[in-house]
1. Just the residues that are under 9 Å from the mean Cα position of the chain (by Cα) and more than 22 Å from residue 76 (Cβ to Cβ), please, taken from region 18-45.
2. All but one of (1) modelled with pLDDT of 85 or more; (2) not in a helix (DSSP H, G or I) hold for residue 4; state the number of the condition that does not hold.
3. Of the residues that sit in region 72-82 and are out of contact with any Ser or Thr (no Cβ under 8 Å at 6 or more places or on another chain) and at pLDDT 80 or above, which one is nearest to residue 18 (Cα to Cα)?
4. Quick check on region 21-36. Is at least one of its residues outside any strand (DSSP E or B), under 14 Å from residue 66 (Cα atoms) and either among the basic types (Lys, Arg) or without any contact (Cβ under 8 Å) to a residue 24 or more places away in the chain (or both)?
5. Only one of 69, 15, 10 is modelled with pLDDT of 90 or more and exposed (fewer than 10 other Cβ atoms within 10 Å of the Cβ). Can you tell me which?
Amino acid sequence: MAYTWEPKWEAVRLESNGIILNTCRDKVTGLIACPICLNAISTCLGKSATHAELKGEVSLFFSIDDLIEHIKNFHTRGLASKLEEIRKRMGETRSD
């Protein structure tokens with residue numbers, strides 16, 4: 001039984017509900033990697049390398065819809081509070 005896995009990445013362009021993502025997919029398993037967690041540009045999109053060692057935690061998904069939900073729920077968490085802070089600052093500026 002193997003405890004390691006060496007993905008064979010290929011660059012893919014996926015589309016769902018008007019959202020287009022360029023990321024990496026394993027040729028053998030078909031698992032789709034989160035382009036933010038994996039840093040897809042240095043792994044499969046920016047180079048012709050098809051083998052890359054997984055470092056740290058990488059989120060992998062069976063479908064693009066699962067990947068989109070992951071990005072919405074995990075990577076945009078702090079974005080709402082940052083936008084609210086900017087709105088408050090702009091509101092303070094306008095009232096002066």
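1. Correct list: empty.
2. In the conditions (1) modelled with pLDDT of 85 or more; (2) not in a helix (DSSP H, G or I), residue 4 misses (1) alone.
3. Within region 72-82, the match that is nearest to residue 18 (Cα to Cα) is 72.
4. Yes, there is a match, as at least one residue in region 21-36 is outside any strand (DSSP E or B), under 14 Å from residue 66 (Cα atoms) and either among the basic types (Lys, Arg) or without any contact (Cβ under 8 Å) to a residue 24 or more places away in the chain (or both).
5. Residue meeting the stated conditions: 15.
The values are calculated or read from the model by the stated rules, or taken from the named source; none is laboratory data. What you are looking at is a predicted structure, and each value in this text was computed from that prediction instead of being measured. Note that we place each Cβ from the backbone using ideal geometry, even for glycine, and neighbour counts take in every protein chain shown.
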